Amino acid sequence: MNLVLDQDIVSLTDFARRTREHTAELKKHGRPRVLTHNGKAAAVVLSVAAYEELAHDAEERRADMELKSILEAYAKGKRGTPGPLAFQQIRQRAAKRRSTK
C-alpha cells in the first residue's frame, strides 16, 4: 500500500463533498486515503478489500509469532500440557463457567 502523495492525501471537506468519487478510487486502486483536518492528518480510509488484506496479514503475523514462541519454548525443554490433561482442564473450566451463570 504505497501512497501517491498528490492523490491520496485529501482534506476531510473534499472527501465529504466527493465521497462517491473517492470511494470509487479507493476500490479501484486499493490505496488508502489520508484525510486531513486543518492541514494535519486526521484519519485514514481504506477500501474493504484493502482492510481485509491488512487484517489477514496481521493475523498471519500474530499466528507466526505465536508458533515461533511455542517452538522456542519446546526447544528449551518446555513440552506444555499433555493432551488428556489439557482437555480435562478445559472441561473443568467450562463446567465452572456454566455453574456460575
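Just so you know, all these numbers are worked out from the coordinates, no wet-lab data involved. Every value quoted in this text rests on a predicted model; they were computed, and no experiment measured them. Here the Cβ is made from the backbone with ideal geometry for all residues, glycine too, and neighbour counts use every protein chain on show.
Based solely on its DSSP helices, what 222 nm [θ] is calculated for the chain when runs of n ≥ 4 H residues each add -39,500 (n - 2.57) and the sum is averaged over all residues, nearest 500 deg cm²/dmol? Could you put the intermediate results ahead of the total?
Working: 5 runs with 67 residues, N = 101.
When only DSSP H runs of four or more count, the value is -21000 deg cm²/dmol.
Looking at the chain only, what percent of DSSP beta bridges run antiparallel? Nearest 5 please.
Percent antiparallel among DSSP bridges in the chain is about 60.
Is the C-alpha gyration tensor of region 19-72 telling us rounded, prolate or oblate? Criteria: a/c under 1.5 is rounded; beyond that, a/b larger than b/c is prolate, otherwise oblate.
oblate
Size of the dipole of region 20-85 about the Cα centre, Lys and Arg at +1 and Asp and Glu at -1 on the beta carbon, nothing else charged, in debye to 20?
180
Out of [x] 9.3; [y] 12.2; [z] 7.6, which label holds the value of mean projected area of the Cα convex hull in nm² that was computed here?
Computing mean projected area of the Cα convex hull in nm² and matching it to [x] 9.3; [y] 12.2; [z] 7.6 gives [y].
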